[in-house]
Amino acid sequence: MRILAIAGGRTKTKGGLGLIGLPYIWRSVADRGHFVDIALAGTKEKEWEKWECDKLHFMEFPAVSKWSLSWKLYKYLKSYINEYDIVCLHSIYCFPVWIGSMNSIKYKKPYIIWPHGALASFQRRVSYYKKSVYHKIIVNRVMRHASAIVFSNPAEYMESCMYGKINRICSISEGIDTSAFSSLPDRGEFRRHWRISDDKKIILFLARINLKKGLDLLLLAMELIFSKIPESVLVIAGPGDPVAYANKIKNQVLQSSWPDRIIFTGRLDGMQKYQTYRDADMFVLPSLTENFGFSIFEAMAAGLPVVISKNLSNAQIVEKSGAGLTPTRTPEAFAAALMKLLTDPKLCQSMGEAGRNLVKSFSWNAHGEKLENLLLSLQKKNAIPSDLAIHG
């Protein structure tokens, strides 16, 4: 098959692309012998270059605004979409998805939509009125004509149902590249760089500094922890999204009682990220919602115990496997969970080992075959494979 995947990329207005799993998804399909072009309205993340091969290519088209408006992408689709067997549209509320669906309909190409959490209730509340209008005018038609809509798990679908009946639905979990965590760097480099002594316990928050990630709750929890466990340190690693919110959080830290116990590193990529995972003692993410939560699975792959919100879609799996704790979203509950790990090294070790074992089942080698089967079925105009279908 020749496959065209379309998404918004990095722009000056929007910043980085939230679709972390995009190169994993399509490299797994390319490795099965299919040709994949990924068209980005904007630029790709630099670290994605390692995923390109003779059957997987990224195409970058200049774009503006957080909606990823791109005239050159429009012209490319109009001229070349006929050369592809099937189209995959990533996300919902952006120009590339709209123009990709319109051209797919016009030239009678099957297309699938992968919302990646864009229909979650919290995400819908961001720019609510604009999205409501856009949904009525554009999204309803885009989804109505789709050959399939892919959700990362049934819970994501259930949350999306409140916006109306959705047909032709299936579930394919996202995954991570576990090979990068098989040989982590030696312990100590991150601590030396940030002057964190070996006797300190690092609680790692690695994610975008965004309202939905729950940093406001975490800071309240840390106030309770710092007074009882003096050797604890919170590391906040990630870019501001938006920058104004990150500045608000930083000001909140400066006005707190423990500003010297909280470190902001900014965005970490490549070896810096792996060094951070290596030197951390535990991982925390008190998010309101997560479609998948790549940093959660990366932390487990690095052997860290994780503390995540009970309401997240993968929380039950984490808890059942013994890889972490899943408190309710209150400062007191998160503080209690983190203090439990801070005072019990053996529990941290056992949970870290359980996390490594759990992550093995989320390799893209397994999920890539499912995506291939879906695409082949849709190309032949067959029904969605029964093992992938969600029955609403």
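The values are calculated or read from the model by the stated rules, or taken from the named source; none is laboratory data. Worth saying up front: this structure is predicted, and the values here are computed from it rather than measured. Positions of Cβ are generated from backbone atoms using ideal geometry, with glycine treated the same way; all protein chains shown enter the neighbour counts. Protein only, heavy atoms only, side chains kept; ligands, DNA and RNA dropped before computing areas. Shrake-Rupley method; radii C 1.70, N 1.55, O 1.52, S 1.80 Å.
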List the residues of the range 288-305 whose backbone N lies under 12 Å from a point placed 7 Å from the Cα of I317 along the Cα-to-Cβ direction. 291-294, 296-298
Cα-based Rg (one decimal) and Dmax (whole number) for the range 23-84, in Å? 12.5, 36
How long are the three semi-axes of the equivalent ellipsoid of the chain, in whole Å, if each is the root of 5 times an eigenvalue of the C-alpha gyration tensor, listed from largest down? 37, 22, 20
Ranked highest first by the average count of other Cβ atoms within 10 Å around their residues, in what order do 179-189, 218-228, 194-204, 298-308 fall? 298-308, 218-228, 194-204, 179-189
Expressed as a whole percentage, what fraction of the accessible surface of the chain belongs to carbon and sulfur atoms when a 1.4 Å probe is rolled over the protein heavy atoms? 53
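Take the cross-link list K46/K381; K50/K370; K46/K273; K212/K346 and give me the ones stretching past 25 Å between alpha-carbons. Could you put the intermediate results ahead of the total?
On the way: K46/K381 37 Å; K50/K370 23 Å; K46/K273 14 Å; K212/K346 32 Å.
Check vs 25 Å cut-off fails for K46/K381; K212/K346.
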HN-Hα J couplings of the range 31-43 from phi, Karplus 6.51/-1.76/1.60, θ = phi - 60°, integer Hz, Gly and Pro as x? 5, 9, x, 9, 8, 10, 10, 10, 8, 10, 7, x, 10
So how much slack lies between L376 and D269, counting 0.36 nm per residue of separation and subtracting their Cα-Cα distance, in nm? 35.1 nm
Quick one: give the max-minus-min coordinate of the C-alpha atoms of the range 315-375 along each principal axis, largest first, in Å. 47, 25, 13
Within the range 246-288, find all residues whose amide N lies under 20 Å from a label point positioned 7 Å from the Cα of K228 along Cα-to-beta-carbon. 257-259, 261-262, 281-286
Taking a straight Cα-to-Cα line shorter than 13 Å from K360, and setting aside same-chain aspartates and glutamates fewer than 8 residues away, one finds E174, D177, E298
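Can you give the extra length, in nm with one decimal, that the chain gains between S256 and N365 once fully stretched, where that is 0.36 nm per residue apart less the Cα-Cα distance? Mind showing how you got there, number by number?
On the way: separation 109, 0.36 × 109 = 39.24 nm, distance 4.54 nm.
Taking S256 through N365 to full extension adds about 34.7 nm, to one decimal.
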When ranked by the protection proxy of mean other Cβ atoms within 10 Å per residue, highest first, what sequence do the peptides 285-295, 64-74 form? 285-295, 64-74
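Based on the mean of other beta carbon atoms within 10 Å per residue, what is the order of 313-322, 334-343, most packed first?
Numbers: 313-322: 17.5, 334-343: 19.5.
Put in order of decreasing packing, that is 334-343, 313-322.
Treat every Asp and Glu Cβ in the range 276-377 as -1 and every Lys and Arg Cβ as +1, leave all other atoms uncharged, and give the resulting dipole magnitude about the Cα centre to the nearest 20 debye.
Details: 9 positive and 10 negative charges, 35 e Å.
It comes to approximately 160 debye.
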Rounded to whole Å and sorted largest first, list the principal axis extents of the Cα atoms in the range 179-226. 33, 29, 16
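Considering only DSSP beta bridges where both residues belong to the chain, give the percentage that are antiparallel (nearest 5). Display every interim value, and only then the final one.
On the way: 6 of 51 bridges.
Counting only bridges with both partners in the chain, antiparallel ones make up about 10 percent.
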Test item: Cα-centred dipole of the chain, Lys/Arg +1 and Asp/Glu -1 on Cβ, debye: 1540
How high is the relative contact order of the chain? Use alpha-carbon pairs under 8 Å, at least six apart in sequence, and give a whole percent. 15
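For a Förster distance of 22 Å, can you work out the FRET efficiency between the beta-carbons of Y80 and D31, rounded to the nearest 0.05? If you can, show how the numbers build up before the last one.
On the way: r = 24 Å, r/R0 = 1.08.
Approximately 0.40, to the nearest 0.05.
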